[in-house]
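Contents: one structure, followed by commentary.
The values are calculated or read from the model by the stated rules, or taken from the named source; none is laboratory data. Just so you know, these numbers come straight off a predicted model, no measurement behind them. When we count neighbours, we look across all protein chains shown, and the Cβ atoms used for this are built from the backbone with ideal geometry, even at glycine.
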C-alpha cells in the first residue's frame, strides 16, 4: 500500500474515513490520518499550535493523526476532573495510556541508592498513591528513577538498597497488574545518577524477578551512554516494558540527528513488540509547520514494511 505523508486540504474529506472517525481538529491542516505500525505516544504541548491548550483537544488531534497512544509524565499532578476527562477521551478515541512518573525524583541527592528507610517509605507511599491514578486513567506503566548516586557507599551496597526498594514497590503493584519501568539516564543531561545503563537496569529487573518491574529503554539516553542500540535491545528484551524516543544530538524527533530510527523501529516491530514508544522529545521546528514536520518524520520512519 502506498503511504502518503501530506495531502492537499481540498482532499481532506477522503482522508477522514481512514479510521472511521471524522477529523475534528485536523481539517485546517494538510495532514491526514496515518496507519502507524507501532504505538508512538505524543505528549501534551507537542501539537498545541494545531489543537490549542486544552488537553482533550490535544488528545483528539493525536487520534485524528493516527496515533494510538499517549504519555504524560505529569499526569499524577493533574486535577482529578482533568484526569477523568482525559481518560474518557483516550477510551473514546482508542488511545492507550503510556507512562506517568510515579514518584518525586531526586536530581541532586541520593534517594533509593543510600538505603535511608525514611526515603524508601516516602517512595513506597508515592507508588501506592500512583495506583489510584493508574486506575483512573487506565495506565499500566509508571516511570521510576532511583535518584542520585551515593558517593559515600560502594556501588554494590547501593544496588542492594535500590533492589530492595523495587521489590517492595513490585509487591504493591503486582495485585493490580501495574508495572514500574526503570529509566536509565545519560551522564550528559543528568550527571551523577545511579541508574545509567540498560545492562544495569536488566540486572536489577532480574534481581527483583517480578512482572511489575521492567526497563524503560530510552533510545536517546542510551545512544549517549552506550550506543549499540539494537544489540542491547536484543540482550535486554525479556525485561523491556516500554520504549522512549528522541534523536541525538538535540533530543528532537527522528530524522533530525544521528540515530537510524527507521531500522530501530523495524527491529522492534519484527520482534513483535505491541507496547508503547513514548515520544519524549521536543519539536525541532516551531509553529504549525514544525508540528507537521514532526508528524511527517514519524510517518517516514514508520515506512519499514
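Summary of values
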item	result
Members of the range 100-122 found to be touching a helix residue (DSSP H, G or I) at 6+ places or on another chain (Cβ under 8 Å) and farther than 15 Å from residue 150 by Cβ, listed by number	100, 101, 102, 103, 104
Yes/no for residue 163 being crowded, with 17+ Cβ neighbours inside 10 Å and either modelled with pLDDT under 95 or in a helix (DSSP H, G or I) (or both)	yes
Any chance residue 120 is over 18 Å from the mean Cα position of the chain (by Cα) and part of a helix (DSSP H, G or I)	yes
Matching residues in the range 259-283 - criterion: being surrounded by fewer than 18 Cβ atoms within 10 Å (Cβ to Cβ) and either in contact (Cβ under 8 Å) with a residue 60 or more places away in the chain or touching a strand residue (DSSP E or B) at 6+ places or on another chain (Cβ under 7 Å) (or both)	269, 274, 282
Residue list for the range 268-290, filter: over 21 Å from residue 256 (Cα atoms) and either part of a loop (DSSP other than H, G, I, E, B) or at pLDDT below 95 (or both)	271, 272, 273, 274, 275
Restricting the range 142-156 to residues that are surrounded by fewer than 23 Cβ atoms within 10 Å (Cβ to Cβ) and in contact with a strand residue (DSSP E or B) (Cβ under 6 Å, 6 or more places away or on another chain), the residue that is farthest from residue 90 (Cα to Cα)	150
The range 157-190, residues that are in contact with a strand residue (DSSP E or B) (Cβ under 6 Å, 6 or more places away or on another chain) and free of Cβ contacts under 8 Å to residues at least 40 places away in the same chain	182
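Table: residues versus (1) part of a helix (DSSP H, G or I); (2) modelled with pLDDT under 95; (3) under 14 Å from residue 294 (Cβ atoms).
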| site | (1), (2), (3) |
| --- | --- |
| 43 | no, no, yes |
| 50 | yes, no, yes |
| 58 | yes, no, yes |
| 63 | yes, no, no |
| 66 | no, no, yes |
| 73 | no, no, no |
